[in-house]
Amino acid sequence: MQVTKSILIERVLIGVFWVLGTIGFICDEFIPGLESLRSYILLGCDAVLVLLGLLCLRHRADFLFIGSLLLIGFTSSIVLNKLSLTFSVNGMRVFIGAMFCYPIFRYFWDEPRRREHFIKTFDRHLEVFLWLQVLCIGYQFVVYGADDHGGGSLGNWYSGTISMMIYLISFYLLRKRINPRHFVGSILNNFKYVLLLAPTFFNETKISFVLLVVYFILLMPIDKRMFVRALVVTPVMAILFLVGYTTYKMTYKGELANTAGNADIFSEEYLVEYMFMDLEHAEEDATWNMDNTESGLADVPRVTKFLLLPMFEEENPGHVPMGFGVGHFKGGTKMAHSELYDQYEWYLIGTIPYFIHIYLQLGVVGLLWFIVFLSSLFIRHPDGFSKRDLNMQLFMVILIGINFFYIESMRDPVFCIVMYGIIAGFWLPDAVTGNEKSQGQGSVSLTT
């Protein structure tokens, strides 16, 4: 087969996906000596994504969004906060996924044959990626137990991101195979995608229980028969929830006992301790954790981090509109941390909800940019693809919401490749040809 420009872009993109999706596990478990080159490999992947994005730029809206985010980022960093150009360019890397991934997928959607070939390739690699997580998380569980080491092929500290990717990919692949007229049969015939959720209960990600409920609710087509289907799905969901909870409780019992004094993650005592920390002693307690725990993490709860946000304006006035500039979440390997990071390391270390990630760097202006950008993805559609998969869009809205208030997976390019690829994929063709039907893309059954 002749290697056309689109095939070359497709192969390079898939190659970047696999490098980003496995480099963590390879460095952690198989080739520790590669760790010294890891930052260079990630930098190379970032550069390739930027190049692919520029090659695929076709639409005025994409030019506008990329240009405006660059303008906001460099105005905040260089003009207002006097950060160096090198530091600022390195800091903008955390937004590469937001700027350059979606234009790549729009390029494939602009031409039917290009789109058809890409979807087959993309879906095949996503399914292989799901199976790989069974092996990687299974290995990590046996060696390390159920903790942050359970990041699957992404490696250590990526347990939250890999769990969300597993749910997203599984939902996407199963949703395409749902026939509303034979809903239960569709689930049974493709039950492997449900079983592939199992690894998420062998790491420490508690958000999996929320995603499990959302997963089964939104699998059901939204129509007049939804209530009947719910009667069938609810017992299945309850059984899986119970199995998942029991598995989680058994595998993660030691950590729970050391924190909340019991092994019930739904107890009031555990939830309060998991979500809150005494604000007056937050810095002191976090610093103690950094100095006296094996992980070296401050472990400030997410809700506490939101409640502490006014601290930044009180101690450093004038940063609400445009933030402190980009780059404060980078550095520490080849480039030094910023002064802001050194001052607030106890707060910035560990998991940061994406809302805080944007707000501290780009302020309210940056938050508004992301709200407009993400909203546009649910409005502007490729030519000839104006039908919505409403269930898939709702699932994506919930997943983005979880990112904004729970985790920062959207800063990771590998997560962005999957997320923006699926966002592009939930726009369905206006007319379904016989050829598309025979391919099992499920365009008719997906629309609501």
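Looking for whichever is farther than 19 Å from Gly327 by Cβ and without any contact (Cβ under 8 Å) to a residue 60 or more places away in the chain here; the options are Leu51, Leu71. Which one fits? Walk me through how you get there before you give the answer.
Numbers: Leu71 fails: farther than 19 Å from Gly327 by Cβ.
Criteria check complete, one pass: Leu51.
Restricting the stretch 95-110 to residues that are out of contact with any Phe, Trp or Tyr (no Cβ under 7 Å at 6 or more places or on another chain) and over 21 Å from Leu42 (Cα atoms) leaves a set whose member that is surrounded by the most Cβ atoms within 10 Å (Cβ to Cβ) is Tyr107.
One line per residue, one yes/no per condition, for (1) crowded, with 18+ Cβ neighbours inside 10 Å; (2) of a type in the set (A, V, I, L, M, F, W, C); (3) on the phi > 0 side of the Ramachandran plot; (4) not in a helix (DSSP H, G or I):
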position: Ile9; (1), (2), (3), (4): yes, yes, no, no
position: Trp18; (1), (2), (3), (4): no, yes, no, no
position: Gly24; (1), (2), (3), (4): yes, no, no, no
position: Asp28; (1), (2), (3), (4): yes, no, no, no
position: Arg93; (1), (2), (3), (4): yes, no, no, no
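If the condition is being at pLDDT 90 or above and within 20 Å of Thr205 (Cβ to Cβ), then the stretch 280-318 contributes Lys305, Phe306. Tell me, yes or no, whether the stretch 55-66 has at least one residue that is in contact (Cβ under 8 Å) with a residue 40 or more places away in the chain, assigned to a helix (DSSP H, G or I), open to solvent by 20 Å² or more (accessible area, probe 1.4 Å) and more than 24 Å from Phe324 (Cα to Cα). Within the stretch 55-66 (the criterion being in contact (Cβ under 8 Å) with a residue 40 or more places away in the chain, assigned to a helix (DSSP H, G or I), open to solvent by 20 Å² or more (accessible area, probe 1.4 Å) and more than 24 Å from Phe324 (Cα to Cα)), the answer is yes, since at least one residue qualifies. Residue under question is Leu428, and the condition is that it be within 22 Å of Leu168 (Cα to Cα) and in contact with a strand residue (DSSP E or B) (Cβ under 7 Å, 6 or more places away or on another chain); does it hold? Yes; evaluated as a whole, the condition is true for this residue.
Name the helices (runs of 4 or more DSSP H) wholly within the stretch 173-226 that hold at least 1 residues that are in contact with a Gly (Cβ under 7 Å, 6 or more places away or on another chain)? Step through it out loud before you land on a result.
Working: elements: 183-189, 192-195, 208-219.
Output list reads 208-219.
Scanning the stretch 374-397 turns up at least one residue that is part of a loop (DSSP other than H, G, I, E, B) and aliphatic (A, V, I, L, M). The one condition from (1) surrounded by fewer than 19 Cβ atoms within 10 Å (Cβ to Cβ); (2) in contact with a helix residue (DSSP H, G or I) (Cβ under 6 Å, 6 or more places away or on another chain); (3) under 14 Å from Cys101 (Cβ atoms) that Ile78 does not meet is (3). Do we have any residue at all in the stretch 81-88 that's in contact with a helix residue (DSSP H, G or I) (Cβ under 9 Å, 6 or more places away or on another chain), assigned to a helix (DSSP H, G or I) and open to solvent by less than 10 Å² (accessible area, probe 1.4 Å)? Among the residues of the stretch 81-88, at least one is in contact with a helix residue (DSSP H, G or I) (Cβ under 9 Å, 6 or more places away or on another chain), assigned to a helix (DSSP H, G or I) and open to solvent by less than 10 Å² (accessible area, probe 1.4 Å), which makes the answer yes. Just give me the residues in the stretch 121-154 being part of a helix (DSSP H, G or I) and buried (at least 19 other Cβ atoms within 10 Å of the Cβ), in sequence order. Once the filter is applied, which keeps residues that are part of a helix (DSSP H, G or I) and buried (at least 19 other Cβ atoms within 10 Å of the Cβ), the stretch 121-154 yields Phe122, Leu126, Phe129, Leu130, Gln133, Cys136, Ile137, Gln140, Gly152, Ser153, Leu154.
The values are calculated or read from the model by the stated rules, or taken from the named source; none is laboratory data. Bear in mind the structure is a predicted one, so any value in this text is a computation, not a measurement. Positions of Cβ are generated from backbone atoms using ideal geometry, with glycine treated the same way; all protein chains shown enter the neighbour counts. Surface accessibility is based on the protein's heavy atoms, side chains included, excluding ligands, DNA and RNA. Shrake-Rupley method; radii C 1.70, N 1.55, O 1.52, S 1.80 Å.
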